[in-house]
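Worksheet for the structure shown next.
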Amino acid sequence: MRILRIGKRIALVFLILTCALTGAYYYAVTPHRPRVPVGSAEDLLFRADTLAWNDRWDEAAPLYKQAEALFRAQGNQSRVLYAAVSQIPPNESVDIPATIWSLTTDLTHPGATEPETRLRILTVRGILQTNQDAAQAHATWEEVERLARTLHHYELATRAVGEQGIAAFILGDALTAKKQVLLAWGLAKAEKDPAASIRYASAFGAGLVAVGRYGEAMTPLNEAIKIAQAHPEVAFPTLAINTKIDALAGLHRDKEGLQLANDSLSRLGGTQFDGQRTQAYLSRGRIHSDLGDQGAAISDYQTALDLANHMHNYRGLTDVGGTLAQTYLDSGDLGAALSAINAAVQANTNIPNELYLAPANLALKAKIVDKMGNSKEADGLFRENIALVDAMIQRASTVSVERQLLAEMSDIYSAYFASLCEQSRYDDALQVLEKVRGRLEAEALEHHSSQPPHAPTAQEQELTRLNIALINTDDPKKRDDLMDAIYRMEINLWPSKLTAVSITHPVTLAQLRHVLSRDQVLIEYVLAKPRSYALAVTRAAVHAYSLSSGPEIESEVKKYRDAIHSKAADPTLAQTLFTELLSPIHEYSTQKDLIIVPDGQLHLLPFSALVSQGSYVLTSHTVDIEPSSTAFEILNRHSEEKEQIQMQYIGIAAWTQAPDTRNPIQRAINGPDRSQFVALPHSEAEVETIAHILPQPNAILLGDKATETRFKQLSTESTDVIHLALHGYADVDYPDRSALIFAPEPNGSDDGMLQVREIRDLHIRAKLVTLSACDTGVGPVGEAEVANVVNAFIEAGADSVVSTLWDLDDEATKHLMTTFYSQLASHQRKVDALRSAQLDLLNQGLPPYFWAGVQIVGDPSGSI
């Protein structure tokens, strides 16, 4: 797995929401020009408030200062106080804790009894607290919202709701954060408040970057920048720009990110915006680190640390210090790393309610002290980390957010796993890893059947309507508008009830070894730096193995996949990967059934196509893929509890019309575009041939009868096999949009795209689901979980899923599937049947492209 701090650090776009950035959105009421002489105190105040409302606090400050002097001469103490506190937001060099205390004291001043002045003091205090202490900020913004509503300042009340959401995110309550930020964002658009629209689009993008969804984050961030460009009266969208720098870094578009960071720092040169400069230096340091320039990275981190320290910005000190410590650790300077992380942890004690940064920093300290030989202290720190992470995951707002939090925090579990393996505490190591591996699948397997199916909600019906409109238009402008509307609808969907359920008892080694057969070895991989690990479990024993660095392995995996996609064989690279991944594992030579729990890019590696001494692994071993060891044990148990079969076979082929001139035809599309839904002429014969092979009764849906609605109705039947010969669509940036494409329903209730989010809600009762479509095993990798169509079917109740890792050739797929089902009909185990079908193509001299991309996930041993 890739070791990242960028996600945690970008919570800093919620964190170092710099004073000048935050302040503009909280003026007590949209200013309306008073009927007063030009140049009078009230006129100056109006002009300053207008600038401040649009985030131009630095330009407003001199006007507030002039107004303060005039009000003082008039003896208007309330207005003096109002104008004085309004000069605070643009000065990011202030001592934040001392200024917050001063503002709290100001609330007791006689001038603060005037409601507008009191509201302004609370607003400025909330700005500073957002940068300092989220718990205090949340309480202040609640008070701002109440007073603003009393005074009928509804736009300010809207902004106060958004600020409560930002504070909730920092405090670890992602569900509340999402609800409040999206509400503020939507209301701001309705109220035609461009400054607030920019802020909350930026804030939502920052939240996505915080959990590693860099591609998805570009949509709201670019929207914020676009709004700013259309409204020159609004200040430069610094939050959106700084967050975009980190999104670009996360997407490995380092040159673009570096240029944007340099431009941002150049613009901030000579200003008082220390908070913004802190974030920009931190972002640029991350890019320097990615480019291998550790000296430049450390220099930028130290500058950011000095700025945060000058401001007494404890959150900045916590985050920048952790990033600096990680850099020192990577360079082998344990002493400097320990000093930096201790300072970061100490800074965090000043903001004890803010959970987000604490687990990663404590984990980093644990790794450092573990490397220094103090395993007992490291063990305590790791256990504290995991308790914190579990608390955060319990409060995730959606399955997708839970998945991303698990990915973001998986370093903690993996580092503890490595430490325990070094101590030969294998049972504890497995328990730790299984708290994060396949967690969502395990939760669904344990609890899904208790969640009744539900009729489509109004939001889901609207999403279906939008998807149909998208499929039916080729107009680029309309498609852009529809994609924007779909995105907004998706992020407002309420989460599944399963997000509140936790898998509290991961599988133990004793349970796992009990369900393994005599010939099986389960190999669970952990890719990390500087070493990776494999835990090999058989019925008789368990051993841990140290492997090459994760980045090295993943680089070779990508190269091998590229070679396979070119339809060429690369035995040298295949042998190298075998040497790194399987050769060190002694059990490989004695156990013939491999059960692989992959990590990172290994999710996309066809293990059967690795080479040992000139022969593919396929020639000597079966290969089964599992989301986790816990999921394997649950699936094994559930497969023995299946009810009486009602329907032997359900076969579906939607795209059966006459072929066009394209050759070869592949079962993949790049997006929901009607023009890409070409015919799959061999799919009809594939489905019908399988029907003749398998026992009766069956249900076959072909052509325009193969609709999503009809499949959903059939999917509730208890069956041996569901075979779907369809187009597949894998969306790595928005994984819940990945889909199987059914026949269109002009007057139906469904859009024909069975997406991941919908599959999870099905109640599948099948021993085997075969996805004879492209890329169904593909999802965003580098995560603890892979959000793909396969795992969604596992969560929905399927015992096993046969899926694909790349585009399939239509004719070769028909041959492979026919052979596979012929073997199943002779009562071979599922994993043996697939191996036989793949060997048949290999023996015809075909390279791995034609056979290695098909894999089985889930229970490998049952027959039909």
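The values are calculated or read from the model by the stated rules, or taken from the named source; none is laboratory data. Keep in mind it's a predicted model, so treat the numbers as computed, not measured. In this analysis, Cβ positions are derived from the backbone assuming ideal geometry, glycine residues included, and neighbour counts consider all displayed protein chains. The area values use the complete protein model at the heavy-atom level, side chains included, leaving out ligands, DNA and RNA. Shrake-Rupley method; radii C 1.70, N 1.55, O 1.52, S 1.80 Å.
Structure above, values below:
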item	result
Gain on full stretching of the segment that runs from Gln575 to Val38 - 0.36 nm per residue minus C-alpha separation	185.2 nm
Candidate aspartates and glutamates - alpha carbon under 16 Å from Lys477, same-chain residues fewer than 8 apart omitted	Glu223, Asp673
Cα→Cβ-extended label distance, 7 Å offset, between Ala139 and Leu151, nm	2.1
Under 14 Å from the Cα of Lys65 - aspartates and glutamates, other chains or at least 8 residues apart	Glu42, Asp43, Asp49
Residue-normalised accessible area of the range 71-123, expressed per residue, 1.4 Å probe, Å²	41
Stokes-Einstein diffusion coefficient of the chain, Kirkwood radius over Cα pairs, 37 °C, 0.692 mPa s, in µm²/s	114
Within the chain: Cβ-based charge dipole about Cα centre, in debye rounded to nearest 20 (Lys, Arg +1; Asp, Glu -1)	1140
Mean accessible surface per residue for the range 295-398, computed with a 1.4 Å probe while every protein chain stays in place, in Å²	36
Protein accessible area in the chain, 1.4 Å probe - carbon and sulfur %	52
For the range 687-744, accessible area per residue (1.4 Å probe, heavy atoms of protein chains only), Å²	33
